[in-house]
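Presented below is the structure to which this report refers.
Bear in mind that the values in this text are calculations on the coordinates, not laboratory data. These numbers come from a predicted model, not from an experiment. Using ideal geometry, Cβ is built from the backbone for each residue, glycine included, and neighbour counts are taken over all protein chains shown.
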Protein chains: 2
Amino acid sequence: MLFSSELIKGTLKTIILKLLTENKRMYGYEITQTVKDLTGDRIQLTEGALYPTLHALEAEGLLTTETEYIGKRVRKYYSLSKEGKAKSKEKVSEFADFINTMKFLLDIKTKQA
Amino acid sequence: MLFSSELIKGTLKTIILKLLTENKRMYGYEITQTVKDLTGDRIQLTEGALYPTLHALEAEGLLTTETEYIGKRVRKYYSLSKEGKAKSKEKVSEFADFINTMKFLLDIKTKQA
DNA sequence: TTTTAATACATCTAATACTTATGTATCTGA
DNA sequence: TCAGATACATAAGTATTAGATGTATTAAAA
């Protein structure tokens, strides 16, 4: 990863939930590629982090799954449950607050979208 | 802490280095109070996290120390070494990039300073 | 045609960082 | 006088995750 991995710690769940808010359903590999593409290779999720996190989110009842076969290959799609949608908003909002707090603390100017 | 602690993970060194860039010298307790004040109680550093980190930064050669007595009480001041100053810029800059990347990824609008 | 790279799932170990708990001691104000 | 704040610090336990490894299929290149 381009970013020191410590930085990304704690943001993985938020990233996954947000992506699923916008894409309805995604599978693991797709998530890694989408994040890679959207961040210009700056964030590359490792499988060792991704899959345990997906399983954890599912166990928390935030994600539901459906399995499909593409040819002989299994593909497992993840979607947000109702609670997942609520949690997603909450997490993104918390992260936005965090960014503002840190911007102030570190006196950072960010680009405006 | 108001922020879920996972969010703050990986930012402690950056916060310390940045504060020392602006204050020349600070002692541990002062750092915890300054962060608490500047963030409106949203980030409260615990001593169990702070002191090991200060010692680690010192061991890396990024900080220098001087001990003073206030009455009979010891106070240990930390300052940035030359390498520490460089590292501070680097860390803050990396974090700024990280924020921009995450803002884009999560589609967040932040307040401009 | 074979073999390499990409797709796609997943687990395990070791390292790291942090929280929580604990410990010591001084100073100040009610 | 004694509780709360100041001030240092370590230790044990928890959690996260990078990196390694494993399995298998499919597509593309050599």
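Scanning segment B:35-55 for residues that are away from DNA strand D (no atom under 11 Å from the Cβ) and polar (S, T, N, Q), which turns out surrounded by the fewest Cβ atoms within 10 Å (Cβ to Cβ)? Among them, the one singled out is B:44. In segment A:25-55, how many residues are over 12 Å from residue A:3 (Cβ atoms) and assigned to a loop (DSSP other than H, G, I, E, B)? Of the residues in that region, 1 qualify. Only one of the listed residues (B:99, B:15, B:108, B:43) is β-branched (Val, Ile, Thr), within 27 Å of residue A:110 (Cβ to Cβ) and touching a residue at least 40 places away in the same chain (Cβ under 8 Å). That residue is B:43.
Filtering segment A:15-24 down to residues that are more than 7 Å from chain B (Cβ to nearest Cβ) and part of a helix (DSSP H, G or I), which residue is nearest to DNA strand D (Cβ to nearest atom)?
The first filter runs over segment A:15-24 and keeps only residues more than 7 Å from chain B (Cβ to nearest Cβ), leaving A:16-17, A:19-24.
Checking which are part of a helix (DSSP H, G or I) leaves us with A:16-17, A:19-23.
Values: A:16: 10, A:17: 13, A:19: 16, A:20: 17, A:21: 19, A:22: 21, A:23: 21 Å.
By that ranking, first place goes to A:16.
If only one of A:6, A:90, A:68 is in a helix (DSSP H, G or I), without any contact (Cβ under 8 Å) to a residue 40 or more places away in the chain and within 15 Å of DNA strand D (Cβ to nearest atom), which one is it? Exactly one residue qualifies, and that residue is A:6. One residue alone among B:91, B:72, B:13 is more than 21 Å from residue A:2 (Cα to Cα) and among the basic types (Lys, Arg), and that residue is B:72. In this structure, does residue B:48 turn out to be over 13 Å from the mean Cα position of the chain (by Cα) and not hydrophobic (A, V, I, L, M, F, W, C)? The answer is yes for residue B:48.
For segment A:1-17, filtered to residues that are within 15 Å of DNA strand C (Cβ to nearest atom) and surrounded by 17 or more Cβ atoms within 10 Å (Cβ to Cβ), the residue that is farthest from residue A:87 (Cα to Cα) is A:3.
Within 12 Å of DNA strand C (Cβ to nearest atom), away from every other protein chain (no Cβ under 13 Å) and out of contact with any Pro (no Cβ under 7 Å at 6 or more places or on another chain): does that describe residue B:73? Walk me through it before giving the result.
Details: within 12 Å of DNA strand C (Cβ to nearest atom): yes; away from every other protein chain (no Cβ under 13 Å): yes; out of contact with any Pro (no Cβ under 7 Å at 6 or more places or on another chain): yes.
Considered against the rule, which asks whether it is within 12 Å of DNA strand C (Cβ to nearest atom), away from every other protein chain (no Cβ under 13 Å) and out of contact with any Pro (no Cβ under 7 Å at 6 or more places or on another chain), residue B:73 comes out as yes.
Taken over segment A:56-93, the criterion of being of a type in the set (Asp, Glu) and surrounded by 15 or more Cβ atoms within 10 Å (Cβ to Cβ) is satisfied by A:58 alone.
When B:108, B:99 are screened for being surrounded by 12 or more Cβ atoms within 10 Å (Cβ to Cβ), aliphatic (A, V, I, L, M), assigned to a loop (DSSP other than H, G, I, E, B) and within 14 Å of chain A (Cβ to nearest Cβ), only B:108 passes. Within the option set A:57, A:20, being under 12 Å from the mean Cα position of the chain (by Cα), in contact (Cβ under 8 Å) with a residue 12 or more places away in the chain and more than 12 Å from DNA strand C (Cβ to nearest atom) holds for one residue only, A:20.
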